[in-house]
Structure formats: structure tokens, C-alpha cells
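Just below is one structure, and these are the notes that go with it.
The values are calculated or read from the model by the stated rules, or taken from the named source; none is laboratory data. Computed from a predicted structure; not experimentally measured. Reconstructed Cβ throughout: ideal geometry from the backbone, glycine too, with neighbour counts over all protein chains shown. SASA here: full protein model, heavy atoms, side chains in, ligands and nucleic acids out. Shrake-Rupley method; radii C 1.70, N 1.55, O 1.52, S 1.80 Å.
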Amino acid sequence: MIISYFFRKNLVYTLFCILLAACTATKQQIRPLQIQKMVSESQIFSSHFTGFALYDPELKKMIAQHNAAQYFTPASNTKIFTFYTSLHMLGDSVPGLHYTVRNDSLFFQGTGDPSFLHPDLKNTTVYDFLNSRTEKLFYIPAYYKGYHYGPGWAWDDYNDYYSAEKSAFPVYGNIVRFQVDKQGKWHTFPRSFTKMVSRNTVIPAPDSIFHRLPEHNWFSYYPETFIKAFTQDVPFRQSDFLVLQLLSDTLHNPVLLQSQPLTGQKNILYSIRADSLYKRLMQESDNFIAEQLLLLCSSTISDTLNTEKAISYATNHLLDLPDKPIWKDGSGLTRYNLFTPRSIIKILEKLYTEVPRQRLFNIFPAGGQSGTIKKWYASDNGQPYIFAKTGTLSNVHCLSGYLVTKKGKTLIFSFMHNNYVVDIDEVRKEMQKVLKELYMRY
């Protein structure tokens with residue numbers, strides 16, 4: 001009986017120790033090798049080309065990496081580089097106009113500022129300035145070098161809101177906004193485009209209700225598809241003539257074209273706060289703002305508005321990356337861009353070091369709360385733990401940014417996926433599983 005008693009007591013104690021050890025094990029900090037295996041041995045990730053890098057900015061040490069030195073198409077992760085470049089080349093507010101006054105005339109030209117009459121930015125600084133002047137207004141086209149589209153952009157995306165043209169003097173975000181109410185009545189913003197819209201009931205639009213001709217500002221619509229109220233943005237073709245027309249219509253004052261360059265001392269009128277552009281750039285992944293920001297950057301080092309100049313300056317003077325980037329546009333619409341995960345980590349570390357934390361995390365999308373990751377990476381307590389930029393093209397999905405663990409530790413990560421053929425949500429769910437594990441156990 002005594003032996004049986006001690007046997008049972010020891011057995012209970014042994015089982016208790018086993019259970020305690022098991023519980024403790026589940027709460028142990030996840031090890032770098034385990035993290036690496038979660039990525040490298042994932043069935044979802046192994047079906048395509050995956051890159052991953054995880055970095056501790058406090059220890060200045062790479063924790064885990066998988067194909068971190070390989071080049072990937074970054075899609076809109078390119079905007080992280082555009083953001084960093086803009087932070088260094090632009091001030092707190094962006095230059096909205098260059099101008100000079102001679103006698104009874106005011107001569108002005110654009111800087112690439114995307115905010116003038118932009119329907120979603122609501123900044124009126126440049127408009128108020130021009131509208132208040134008593135001089136005759138002369139518009140001088142800035143020297144813009146380049147095409148209205150970036151290299152390698154898909155030609156058949158011209159009708160989609162995310163392919164607005166680049167230009168020296170953007171007006172209304174370089175888009176026509178079509179708004180349809182519940183009764184099926186439609187309106188354009190700006191109104192001057194109304195006369196360029198016609199009804200078409202013969203040829204259905206391939207992928208949109210309002211459709212523009214490829215080379216002209218003539219639009220058609222298909223009323224049989226008006227099922228509910230909606231808004232559609234369609235890019236328009238930019239030209240100096242159109243800028244003059246829109247300025248004259250908006251200011252209710254004739255604006256004349258001056259072909260002579262703006263010479264002598266130039267005054268600068270500053271417009272919108274730069275952080276307003278950065279927040280929309282990162283949270284809404286706004287391609288138009290990304291492209292215009294690089295043109296703005298080029299205007300600070302040259303009289304020529306040119307994307308390549310801004311990229312060249314940033315690459316040679318600002319970035320200091322472990323792997324030389326192949327960088328062709330500001331938005332990531334082109335597949336010509338190639339970056340490595342560890343280069344993205346480097347830029348994110350620079351941002352984390354140079355920008356106050358609260359400001360930085362306010363600009364980046366927050367998991368479960370804002371921007372392009374509003375529906376993903378939510379925590380159980382309602383506090384976001386992921387602050388990151390997405391990047392998506394067909395068969396490309398990337399996510400790079402900052403992860404704040406349950407213990408309050410900040411990590412920097414970059415996930416890059418190219419050439420997957422599964423549903424994109426499968427890739428997102430697998431990333432979410434890895435990142436949630438890091439949140440809970442690191």
C-alpha cells in the first residue's frame with residue numbers, strides 16, 4: 001500500500017512536470033532557426049520565389065533571412081524608396097510654384113506638385129495665390145524631360161485610376177472624377193469635361209463604365225451598367241493647352257501661354273505639407289503622388305523635371321544599400337524595378353533611425369486599422385502590431401515594414417513574393433501566420 005501510494009504520488013508529480021514543461025515550451029521565445037524554417041519549409045511559399053529578411057534594429061543584427069540577397073520585383077514597395085528620397089530632398093512643405101513678377105504681369109511654372117486642385121487633398125494654397133493676383137497671368141511650361149508614363153508601364157492600364165499621367169503642372173490629380181447618383185445621373189469633376197463625354201450603348205466597356213479613348217480626351221459611358229451609385233476616376237491626357245484651359249476655367253480669368261523660359265530670380269510658393277503627401281503615398285499606395293514626388297525632388301537640384309535625375313541623385317548620395325537597386329520609377333508600376341529584401345531592410349532601418357517613431361508609424365499603414373492592410377494583420381487587443389507597406393502586381397506581392405512584438409520589441413521585416421500562381425489571399429494568410437507567431441513569441 002505504501003509503495004503504491006508513493007508510486008501514484010511520483011506519477012502525478014511527473015505528469016505535472018511534463019505538462020508544465022509543455023506549457024513553458026509554447027511560451028518560449030521563438031528561435032531564429034525556427035523562424036527561418038517557417039519561411040523556407042512553408043508549402044505555400046515553396047510554390048514560388050520567396051524572399052524574407054528579419055532584422056533587430058536595437059542589436060543591429062539580422063535575425064533570419066531566406067533569399068535576402070536575391071533580387072525581386074518590389075511592386076509598390078518601391079514607394080518606400082520614394083518616401084525616403086523625398087524626406088531628404090524636400091522640406092516640411094513642397095514647392096508649389098516658381099514665379100516672378102514683371103510690371104503688370106505674373107509669370108509662373110509648375111514644380112510637379114500634385115496637390116493643385118486635387119479632389120482628395122483639399123489644398124488651395126496655389127489656387128488662392130493665383131486667384132488673388134491682379135496682374136496678367138502667364139503660364140510657362142517647365143522643362144519636363146520624359147514620357148507621361150513610366151518605363152515598362154502596362155499600355156492597357158491607361159484608363160485605370162492608378163495610371164494617371166506624370167506632368168510638370170498637374171491639375172485635379174490629372175484625373176476626371178465621374179460620380180453617379182442613385183437615380184443614374186452622372187456628373188464630372190472638373191465640370192469642363194462634361195462636354196467631352198458621350199453615351200455609348202453599342203460597344204460595352206471592357207473593364208469599366210466610363211472609358212476614354214487611348215490618345216484623346218473623349219469619354220464614353222454605358223448607362224445599362226448603372227446599377228448603384230458609384231465614383232470612377234479616369235486619367236486624362238495632359239497637355240499645355242489643357243492646363244491653360246483648366247486654369248482659365250477654374251480661376252475665371254484668362255491665363256496666357258508664355259514660351260520664353262522663366263529667367264532671373266525665381267520666387268517659390270510652398271503649398272501642401274509634405275506629410276500629407278507621404279501619408280497618402282504610403283497608406284493609399286497612390287502611384288500618381290509617388291511619381292510627382294520624384295519630379296518635385298528633381299526640381300530641387302535642377303531646372304529639369306526628370307524622374308531619372310531624382311533616382312540617380314538618391315542612388316549615389318542617399319541610399320547606401322548592400323545591393324545596388326535597379327530602380328526605374330517612383331510608384332513600382334513597372335516590372336523593371338528590382339530590389340533585394342536586405343536592401344529594403346536597410347532603407348527601413350534608416351527611416352526608423354531618422355524619423356520619430358510616432359510620425360513614422362502614423363505615415364505607414366497599420367495592420368487591422370488603416371491603408372492597404374486595414375483588413376489584415378489585426379491583433380487580438382485592437383492595437384496594431386504591423387506597420388508596413390504592401391506591393392502588389394499580377395503574381396507579385398510584398399510586405400515590408402515594422403513589427404512590434406507583444407513584449408514591446410520592434411523588428412524590421414521584408415517579405416517578397418514573385419511568380420506565385422495561387423490565390424493572393426493564401427500568400428497573405430501564410431505571411432500573417434508567420435508574423436503573428438513573431439508577435440506572440442519574440
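Listed by chain and number, the lysines placed with their C-alpha closer than 17 angstrom to that of K145 are K166, K309, K328; residues fewer than eight positions away on the same chain are left out.
Each peptide among 256-264, 418-426 gets the average number of other Cβ atoms lying within 10 Å of its residues, and from highest to lowest they stand as 418-426, 256-264. If the Kirkwood radius is taken over C-alpha pairs of the chain, then at 37 °C and 0.692 mPa s the Stokes-Einstein diffusion coefficient equals 135 µm²/s.
Here the peptides 40-52, 359-371 are ranked by packing, the mean other Cβ count within 10 Å, and the order with the highest first is 359-371, 40-52.
Dipole orientation for the chain: of the candidates A378, G408, T100, G408 has the Cα lying most toward the positive pole (charges on Cβ; Lys, Arg +1; Asp, Glu -1). When the helices of the chain are scored as -39500 (n - 2.57) per DSSP H run of n ≥ 4 and the total is divided over every residue, the value at 222 nm lands at -10000 deg cm²/dmol.
Along segment 300-306 the Karplus relation, 6.51 cos²θ - 1.76 cosθ + 1.60 evaluated at θ = phi - 60°, assigns HN-Hα couplings of 7, 10, 7, 7, 9, 8, 7 Hz to successive residues, with x for each Gly and Pro. Partner lysines whose Cα lies under 21 Å from the Cα of K375, excluding those fewer than 8 positions away in the same chain, are identified as K79, K279, K389, K406, K429, K433, K436. Contact order for the chain, expressed relative to its length and based on alpha carbon pairs under 8 Å spaced 6+ residues apart, stands at 23 percent. Within a straight-line Cα-Cα reach of under 16 Å, K266 can be paired with the following aspartates and glutamates, leaving aside sequence neighbours fewer than 8 residues apart in one chain: D303.
For the residue pairs K136/K185; K324/K407; K122/K195, the C-alpha atoms sit more than 28 angstrom apart in K136/K185; K324/K407. The heavy atoms of H216 present about 100 square angstrom of accessible area, all protein chains included, probe 1.4 Å.
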